[in-house]
Amino acid sequence: METKIVDANKELLEFDAAAKCLKEGGLVAFPTETVYGLGGNALNPNSSKKIYEAKGRPSDNPLIVHICDIKTLDKICKEVCKEAYILAERFWPGQLTMVLNKSDIVPYETTGGLDTVAVRMPDNKVALALIDKAGGFVAAPSANVSGKPSPTKAEHVYNDMKGRIEYIVDGGEVGIGIESTIVDLTSKVPTILRPGYITKQMLEEVLETARYDKAILEENAGKDLVPKAPGMKYKHYAPNGELTIVSGNPETVVDKINTLVENNIKCGYKTGVIATDETVQQYRCNNVISLGTRKDKQTLSHNLYNALREFDNMEVLYIYSEDFGEDEFGQAIMNRLLKAAGYKRIEV
Ligand code: AMP
Ligand code: MG
């Protein structure tokens, strides 16, 4: 299969053709404000099956359904609670995914066999136009091969998906760079199943209360709790090089990473460092990538997956990263980074 790349802003006829293909059961990758998604018609069981095949994703890992209009929420969900509308009013379009009871028109192929469905309205004009033209309900996981870092550029999607999908809609680089926050509204207390840009504190500004799924808390890593978002149990976002996070006070971290790098270089191992603007000059290593300044966590998340892919391109064998977990959004970044590292971390 040939994979066509369509410039969302210039090739309008081709864009319409991509939307039609999506509506009729084809696969089309598109930009959202978090990462690029791999879209299929959410109401068509065959489309969902094709998404799993293209990604090599285990089929018990359900897909998020993307919509473009709050009014359509009650078509794919039943018993929509008032909290759902409160959150949608406040955070949509945006980086919040809600888990609700599914209606009968949503096939089990889309929900990984569950009676609930995850729904989000992305904050990206290209995505919203595509969803609208494709019929309003687009199932879309991140457009990477399962286990690889999520794509933040059309080029990343092409590298992973060429020959596997019909179209890639190119809308430029995405903004946030890490996936949406997922909140489960079918449990008594709204429960965060995956941390993201929208933090618990932000949810609590409009809801009485919210909590984290125990299984995703860092302190419980390795305790064999089953996460309620099936996808959270898989190793994710892994670069080819062996990634280790070094935590502690900033100066000690820099010293420790420099020592580790030095030892690796002596052995002839190509090594990379994930740094910040504040520290980038202090590393004695040829392959240092700064994610940006610590003063702007959104820049850090925006650049994270691209940095992991860059290290793959450079074929580094070992990667050391600083820790970014000072606040809640930083912890959402750390959730991805720790998974990418298989929870390998050195405290200094
Ligand atoms: P991705 O599409 O890669 O961003 O991953 C989607 C995430 O949403 C995975 O971790 C899924 O397990 C989770 N998810 C999707 N649908 C549901 C659902 N009905 N209940 C719980 N988690 C869900
Ligand atoms: Mg993903």
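Per-structure values
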| item | result |
| --- | --- |
| Segment 184-201, residues that are of a type outside the set (Val, Ile, Thr) and in contact (Cβ under 8 Å) with a residue 60 or more places away in the chain | ASP184, LEU185, PRO190, LEU193, ARG194, PRO195, GLY196, TYR197, LYS200, GLN201 |
| Subset of segment 235-248 [surrounded by 15 or more Cβ atoms within 10 Å (Cβ to Cβ) and within 30 Å of ALA118 (Cβ to Cβ)] | HIS236, TYR237, ALA238, PRO239, ASN240, LEU243, ILE245 |
| Which listed residue is in a strand (DSSP E or B) and open to solvent by less than 60 Å² (accessible area, probe 1.4 Å), from ALA54, ALA19, ALA29 | ALA29 |
| Tabulated pairs, segment 290-306, first surrounded by fewer than 19 Cβ atoms within 10 Å (Cβ to Cβ), second modelled with pLDDT under 90 and aliphatic (A, V, I, L, M), C-beta under 9 angstrom, 6+ apart or interchain | GLN298/ILE176 |
| GLU53 being over 12 Å from TYR167 (Cβ atoms) and touching a Gly at 6+ places or on another chain (Cβ under 7 Å) | no |
| Subset tally (residues that are touching a residue at least 24 places away in the same chain (Cβ under 8 Å), over 25 Å from ASN306 (Cα atoms) and charged (D, E, K, R)) for segment 15-41 | 3 |
| Residue list for segment 157-179, restricted to those being open to solvent by less than 20 Å² (accessible area, probe 1.4 Å) and either more than 19 Å from LEU308 (Cα to Cα) or among the basic types (Lys, Arg) (or both) | ILE165, ILE168, VAL169 |
| Scan of segment 21-41 for residues that are of a type in the set (A, V, I, L, M, F, W, C) and within 18 Å of SER180 (Cβ to Cβ), ordered by number | ALA29, PHE30, VAL35, LEU38 |
| Any hit, segment 249-269, residues being more than 16 Å from ligand 2 (Cβ to nearest atom), under 22 Å from the mean Cα position of the chain (by Cα) and open to solvent by 70 Å² or more (accessible area, probe 1.4 Å) | no |
| Subset of segment 193-207 (residues that are surrounded by fewer than 22 Cβ atoms within 10 Å (Cβ to Cβ) and either within 28 Å of GLY40 (Cβ to Cβ) or among the charged types (D, E, K, R) (or both)) | LYS200, GLU204, GLU205 |
| Failed item in (1) under 19 Å from the mean Cα position of the chain (by Cα); (2) touching a residue at least 40 places away in the same chain (Cβ under 8 Å), with TRP92 passing the rest | (2) |
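The values are calculated or read from the model by the stated rules, or taken from the named source; none is laboratory data. Model, not experiment: these values are computed from the prediction. For neighbour counting, all protein chains shown are included, and Cβ atoms are generated from backbone atoms with ideal geometry for every residue, glycine included. Only protein heavy atoms, including side chains, enter the accessible area calculation; ligands, DNA and RNA are left aside. Shrake-Rupley method; radii C 1.70, N 1.55, O 1.52, S 1.80 Å.
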